[in-house]
Ligand code: PBG
């Protein structure tokens, strides 16, 4: 006698019956880039992210209008402001691009979960995620600006905030300021374990947020480190994070699995712009089957232990790939 693994692989429905991991519309969050511009119908494709766009507010509403009926459950918004300055003031302007977008999206799609990315890099002239003095990104001086940003998003109607800056102590500060203003029911999805990754390249084109000098290595994590990921996640949970995130996803599946084993909190993973671009580029060359490779990547991220995936493939999944 030997193990006959093929028995349960012999028919489609048998394989379906014993499938251990599933991908559902509820698992996915689609990122959108909203631009502050006179032309509300502005719509420009991001060259390194085919099928993803910088959108004016009306173009965004139209896009959501197309995808929402297909089962879109949640989006995350990134803003591209008209003006940038040293301290990223447009990030916490109550009439800023994300704040206005949140209002309009929630008004039209009240059931849709609208998450906002909380960071300064799209709003600062130097492109760093915090306040810069003498070439250094200052931690504690940034915290107040981040909590003001988060609060302004929530006041505009955001359902959840997602701080992506990697300053120490920001979850505590944001939690305290949301609570202070009565928003104790608004969850925080923390980019708890965010690596200084080269896979963010296309995003920086999309969000116009590349650092103007240096890199993000003094605040984002060093890719070879795993034990540090546990410390970061633990700190954010203690400070009040409701959902913890690992970013990027596919090159960090081991980190996802480790956090899944160590913590009981819902776990998110961000399949980032570079992961998306790789698949798109190879598919365009005719070297890989886009649908099959994208679905295999997404299911791997879930199998590793993620409950939620932020993915630029969400739209495509809802439109054409839902049968898996
Ligand atoms: C902002 C932020 C970044 C991403 C999400 N939030 C870029 C960065 O840290 O440079 C990357 C997302 C992606 O690559 O898809 N700090």
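Below, the figures for the structure above:
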| read-out | value |
| --- | --- |
| Inter-site label distance for residue 257 and residue 13 at 7 Å from Cα along Cβ, in nm | 3.4 |
| Rg over Rh [alpha-carbon atoms, Kirkwood Rh] for the chain | 0.97 |
| DSSP-defined antiparallel bridges as percent of all bridges, the chain, nearest 5 | 20 |
| Simple label model, 7 Å out from Cα along Cβ direction - residue 222 to residue 24, nm | 4.1 |
| Rounded FRET efficiency, nearest 0.05, which uses the C-beta distance separating residue 4 from residue 43 and R0 of 35 Å | 0.05 |
| Zone of residue 322's modelled label, taken as backbone nitrogen in segment 61-92 under 14 Å from a point 7 Å along Cα→Cβ | 66-74 |
| With Cα atoms, 0 to 90° folded angle of helix 253-262 axis to the chain main axis | 80 |
| Largest-first ellipsoid semi-axes for segment 156-251, taking √(5λ) over the Cα gyration tensor eigenvalues, angstrom | 24, 17, 12 |
| Two-site label geometry, residue 196 and residue 95: point separation in nm, points 7 Å out along Cα→Cβ | 3.9 |
| The chain, helix-only ellipticity at 222 nm - DSSP H runs n ≥ 4, -39,500 (n - 2.57), divided by all residues, nearest 500 | -11000 deg cm²/dmol |
| Residue among 266, 69, 94 with the largest mean-square fluctuation in a Gaussian network model of the chain, springs linking Cα atoms under 10 Å | 69 |
| Cα pair distances of segment 128-175 binned at 10 Å [whole percent] | 28, 51, 19, 2 |
| Between helix 140-156 and the chain: long-axis angle, C-alpha atoms, 0 to 90°, nearest 10 | 70 |
| Taking 78, 183 and counting other C-beta atoms within 10 Å, the order from fewest to most | 183, 78 |
| GNM result for the chain, Cα springs below 10 Å: residue of 153, 265, 126 fluctuating most strongly | 265 |
| GNM flexibility winner over the chain from 66, 275, 134 (Cα, springs under 10 Å) | 134 |
| Per-residue Cβ neighbour rank within 10 angstrom, fewest leading, 190, 297, 311 | 297, 311, 190 |
| Which of 245, 166 has the fewest Cβ neighbours within 10 Å, and the rest in rising order | 166, 245 |
| Rounded Å value of the spacing that divides the Cα centres of segment 35-56 and segment 231-302 | 25 |
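Every read-out reported here was derived from the displayed coordinates using simple, explicitly stated rules and does not represent laboratory data. All of these numbers come straight from a predicted model, not from anything done at the bench. With ideal geometry, Cβ positions are generated from the backbone for all residues, glycine too; neighbour counts draw on all protein chains shown.
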